[in-house]
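The values are calculated or read from the model by the stated rules, or taken from the named source; none is laboratory data. It should be emphasised that the depicted structure is a prediction, and the values quoted were computed from it without experimental measurement. Neighbour counts are summed over all protein chains in view; Cβ atoms, including those assigned to glycine, are modelled from backbone coordinates with ideal geometry.
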Amino acid sequence: MDTAAPARTERPRARLVTPTTALRGAEIAAGATLAILFFQEFLQFSLFDPNLWLAYGPIFLGGLGGTIRFILLVIPISVILGFFLGWARISLHRVLVWPVTMFVDFFRGMPPLVLVIFAFLFGDDLIPQAIKDRLLAGIPLRVVSVTAAALAIAFHSAAYQAEIFRAGFQSVPMGQLEAAQALGMKPWQAMRWVVLPQTFRLSLPPLGNELAVVIKDTSLLAAVAGGEIVSRSQNFAGTLSISGYPVEWLFAIWTAVAISYFAATFTVTRLLLVLERRFHTPGLEAVSI
């Protein structure tokens, strides 16, 4: 007697744009527009003044490009480093756990602004001369120093992400590993097919919050004139009275900067929220960090 094969069910695909997402985006856009119109009326400034963007536009675009480059540098490094640090934190080898714990505790305990300034001033001195001669020959010292400051932000975020991934690893019950080994899986196979998928799901919500923080932390590079949007806008704002531009442009300049950071954080967190909904498993919760 033939039996019908069970119907194959597929997980519904999460969409980047849903009715709820579109409604929320419309509400945010409407609220931002009303706020801008309100401030324009009472503070007598215009965000859409063509003279403003004729003078400030190239500076804004150059700074925005610098900010995007720093974000694309800091986020991948911090996520990759944080993942392996979190993995090392649960290692059974004390020789590996101790230095990783020291790294995490140090960077979590330091203000990111202090790390940025320290890395900018002394980062070049910490690089071995052999690496300078082979890999950094011909690169201006300032570029190396600013890059070191950006890496300090990445290391600071990696320390927090290490705890996020550690909590994700520890949330996977040991019984699942034992069951995988009982089925004949090797340790790396159990890690690949059992532990990592669940760790990935559990880490997404707190990871989204941390990435939003690290995007905003790139503004700290303005302390060393890193060439991102905050430092360039600050330099332009400081020359308004000298150059004869209206002082009322100040609010418009910093409104444009604020909108840029909001757009970046909203985009990244929205993408991670889509991934979270796509891979969410009911009943699978992370342990406290």
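Data overview
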read-out: Filtered residues of the stretch 118-140 (kept if in a loop (DSSP other than H, G, I, E, B) and β-branched (Val, Ile, Thr)); value: 127, 139
read-out: Lone unmet requirement of (1) surrounded by fewer than 17 Cβ atoms within 10 Å (Cβ to Cβ); (2) of a type outside the set (S, T, N, Q); (3) in a helix (DSSP H, G or I) for residue 168; value: (1)
read-out: Members of the stretch 216-261 that are over 17 Å from residue 62 (Cβ atoms), of a type in the set (A, V, I, L, M) and not in a helix (DSSP H, G or I); value: 247
read-out: Matching entry among 55, 29 (being modelled with pLDDT under 90 and in a helix (DSSP H, G or I)); value: 29
read-out: The stretch 235-261, subset within 23 Å of the chain's Cα centre (by Cα) and of a type outside the set (Phe, Trp, Tyr), residue surrounded by the most Cβ atoms within 10 Å (Cβ to Cβ); value: 257
read-out: Matching residues in the stretch 267-282 - criterion: being touching a residue at least 12 places away in the same chain (Cβ under 8 Å) and assigned to a helix (DSSP H, G or I); value: 268, 269, 270, 271, 272, 273, 274, 275, 276, 277, 278, 279
read-out: Conditions (1) in a helix (DSSP H, G or I); (2) surrounded by fewer than 16 Cβ atoms within 10 Å (Cβ to Cβ): number failed by residue 115; value: (2)
read-out: Pair list, Cβ < 9 Å and 6+ apart or interchain, from the stretch 246-263 residues that are hydroxyl-bearing (Ser, Thr, Tyr) to residues that are surrounded by 18 or more Cβ atoms within 10 Å (Cβ to Cβ) and modelled with pLDDT under 90; value: 255/36; 255/45
read-out: Odd one out for residue 175, checked against (1) surrounded by 13 or more Cβ atoms within 10 Å (Cβ to Cβ); (2) assigned to a helix (DSSP H, G or I); value: (1)
read-out: Candidates 72, 81, filtered to the one that is surrounded by 14 or more Cβ atoms within 10 Å (Cβ to Cβ) and modelled with pLDDT of 95 or more; value: 81
